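Contents: one structure, followed by commentary.
The values are calculated or read from the model by the stated rules, or taken from the named source; none is laboratory data. Since we're looking at a predicted model, the values are computed, not measured. Cβ placement follows ideal geometry from the backbone for every residue including glycine, while neighbour counts extend to all protein chains displayed. Side chains included, ligands, DNA and RNA excluded: accessible areas come from the protein's heavy atoms. Shrake-Rupley method; radii C 1.70, N 1.55, O 1.52, S 1.80 Å.
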Amino acid sequence: MGITRQTKQVKTLIGIFDDNKKAISVVELVKLLELQMNKTTVYRILDKLKDDGIIHSFIGKSGLKWYAKCHNCSHDTHNDVHPHFQCKTCGAVECLSVSFTLPSIKNYKIDSASLFIQGQCSSCTQ
Ligand SMILES: [Zn+2]
Ligand SMILES: [Zn+2]
């Protein structure tokens, strides 16, 4: 326990996202870090990084939770309304840097939306 140790663990986790351009599932993260920290710690750090606008999460196939690095998000503004994509051939999951317009529904206030697209990624269609 202690602040220094926690900082090191937080750095380790951020490092994984820096090295990985694609999204990582929570299952994979726990497995990658199993020698360094327990599951509860991984979840706690993920929550914190999410609060700080460093990463965002989304639900993929079979309800699996995925995390990816945010671009231009901060603690106050999470502007990550972009679709996510999973390749059915290689299984890679990534953020798509395209934006989609949220529908406006009369008398409804929309806070968030998610779009999960499945298909074949650029490496697999070649
Ligand atoms: Zn692929
Ligand atoms: Zn994303």
(message) Suppose we keep only residues that are open to solvent by less than 90 Å² (accessible area, probe 1.4 Å) and of a type in the set (S, T, N, Q) within the stretch 111-124. Which one would you say is farthest from ligand 2 (Cβ to nearest atom)?
(response) Ser123
(message) Return the residues of the stretch 55-72 that are more than 8 Å from the chain's Cα centre (by Cα) and β-branched (Val, Ile, Thr); say none if nothing qualifies.
(response) Ile59
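For every residue, the table says whether it meets (1) at pLDDT 90 or above; (2) more than 24 Å from Ser114 (Cβ to Cβ); (3) open to solvent by 100 Å² or more (accessible area, probe 1.4 Å).
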position	(1), (2), (3)
Met1	no, yes, yes
Leu13	yes, no, no
Ser25	yes, no, no
Leu33	yes, yes, no
Met37	yes, yes, no
Gly53	no, no, no
Ala68	yes, no, no
Glu94	yes, no, no
(message) Could you check the stretch 39-50 and list, in sequence order, the residues that are within 23 Å of Leu115 (Cβ to Cβ) and open to solvent by 20 Å² or more (accessible area, probe 1.4 Å)?
(response) Lys50
